[in-house]
1. Using the Karplus equation 6.51 cos²θ - 1.76 cosθ + 1.60 (θ = phi - 60°), what ³J(HN,Hα) coupling, rounded to whole Hz, does each residue of segment 261-268 give in order, writing x for Gly and Pro?
2. To test your reading of the geometry: what angle, between 0 and 90 degrees and rounded to tens, separates the Cα axis of helix 309-318 from the longest principal axis of the chain?
3. Express the carbon and sulfur contribution to the solvent-accessible surface of segment 234-309 as a percent, rounded to the nearest whole number, probe 1.4 angstrom.
4. Could you pull out every residue, at least 5 positions away or on a different chain, whose amide H is within less than 5 Å of the one on Y70? Hs are placed 1.01 Å off N in the peptide plane, and Pro or chain starts have none.
5. What are the ³J(HN,Hα) values, in whole Hz, obtained from phi via the Karplus relation 6.51 cos²θ - 1.76 cosθ + 1.60 with θ = phi - 60°, for each residue of segment 42-58 in sequence order, with x given for Gly and Pro?
6. Taking amide H atoms as placed 1.01 Å from N in the peptide plane, list the residues 5 or more away in sequence, or in a different chain, whose amide H sits under 5 Å from that of V8.
7. Dividing the alpha-carbon radius of gyration of the chain by 2.2 N^0.38 Å (N being the number of residues), what value is obtained?
8. Run the reach check for K140 against lysines, Cα to Cα strictly under 20 Å, same-chain hits fewer than 8 apart removed. What comes back?
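The values are calculated or read from the model by the stated rules, or taken from the named source; none is laboratory data. Computed from a prediction, not measured in an experiment: that's the story for all the values here. Cβ sites come from the backbone with ideal geometry, for glycine too, and all protein chains shown count toward neighbours. For accessibility, only protein heavy atoms count, side chains too; no ligands or nucleic acids. Shrake-Rupley method; radii C 1.70, N 1.55, O 1.52, S 1.80 Å.
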Amino acid sequence: MIVNRYQVLPLEGLVNFKTGKLNSNAAKHDGVYPFFTCSQETYRTDTWSFDGEYVLLAGNNAAGIYPLKYFNGKFDAYQRTYAINTLNEKKLNTRYLYYALRLQLELMKSISTGVATKFLTLSLLNSTQVPVPRIPTQRKIAAILSAYDDLIENNQRRIKILEEMAQNLYREWFVKFRFPGHENTRFVDSTLGRIPEGWQLSLISDIAIIHRGRSYKGTELSDKEGKPFINLKCIERDGGFRSSGLKRYTGVFQESQTVRAGEIVMAITDMTQERRIVARAGRVSRLDADFGVISMDLVRIASRGRISETFLYALLRWSGFADEVKQHANGANVLHLLPDRINEYSFICPPAEIAELFGNNVLPILTLCESLEQRNVVLRRTRDLLLPKLISGEVDVSELDITIPEEAA
């Protein structure tokens, strides 16, 4: 079969499918090697069973949204995760295979088996077809697309470093109490130990007000029309905002259910397998509208004016708030956190001028992080527009002079 200029072949006979042997509880927070499961997140573990260049594909998922990843090196895998490598690199390039399979994910979702949980069977995968151009063309396609992914990954590393800088500054000022002028500050006893004079024990309800998001129907969501809709997919697993998760909302809403750029949202529902998103806060980055609407799975947390929004965000992100408050979430399959539990969190509140000074130091860091994330949004959009054109042969790169990484040649 030919699509445009390229022959299309089934994966059977082109690749080798293996599955991992580990259970999901094999994950270690500080593990040495990547651990690929059926989660979108990549975990760590202390063992490795695979060494080389592979495509990792989840074998099951409740919603039929199968994580697909590429990795080269030592790693381990969950027992329902497929580790796929090519039988002959002179016929099918592994990095190219990764991009070719990305175009098959929607098809896999539609034809996978199962009711409560969707499964990808080996027979289904063997019959999956991908375009197979000549190897030099495959390598050029992979080089073009991986250049976008490398830029995205580099920006993500920069974001992580910047956030660690902000987090370290928060801990220096508000955990170790090494804020500007601390040398001349008198410390007094409190129920939480010795604290700077003038600082006081407060509750979140003393400094912030919480607004619950909007319940919605699937028919009220759109890819193009309506207001930006902020939902659980917009919250990173360890906190932070991800604009790539935005949808559009066409239903009715109240002013209290809206959020603007720079404001704080927090997950109060958690449907993830790893239970890490509940009580995590994100600072909404630039929106393509004056405001967005938040879902019922989120709350907006706004400062009452006593302290700066930037300090409030840092408190929710880096004080240990999430780990403590999430213990009050209830539910078996889905965790739910009552807003009252957020209000009851106690902390040592600094004077307004200290919180303001901290905000002035940290806000430029957060702004730069948001700028890098916006660049990634553009990079992902460009890559995803280019992907089907390259894989199908609609955009022909066979005659282009493209530098191919040595390891891919």
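1. Working through the residues one at a time gives 4, x, 8, 10, 10, 9, 6, 10 Hz.
2. The angle comes out near 60 degrees.
3. Of the solvent-accessible surface of segment 234-309, carbon and sulfur hold 46 percent.
4. L56
5. Once θ is set to phi - 60°, the couplings for segment 42-58 become 9, 9, 10, 8, 9, 10, 9, 10, 10, 9, x, 9, 9, 9, 10, 10, 5 Hz.
6. I2, V3, V132
7. The value comes to 1.12.
8. Within the straight-line limit of under 20 Å, K140 reaches these lysines: K69, K90, K91, K389.
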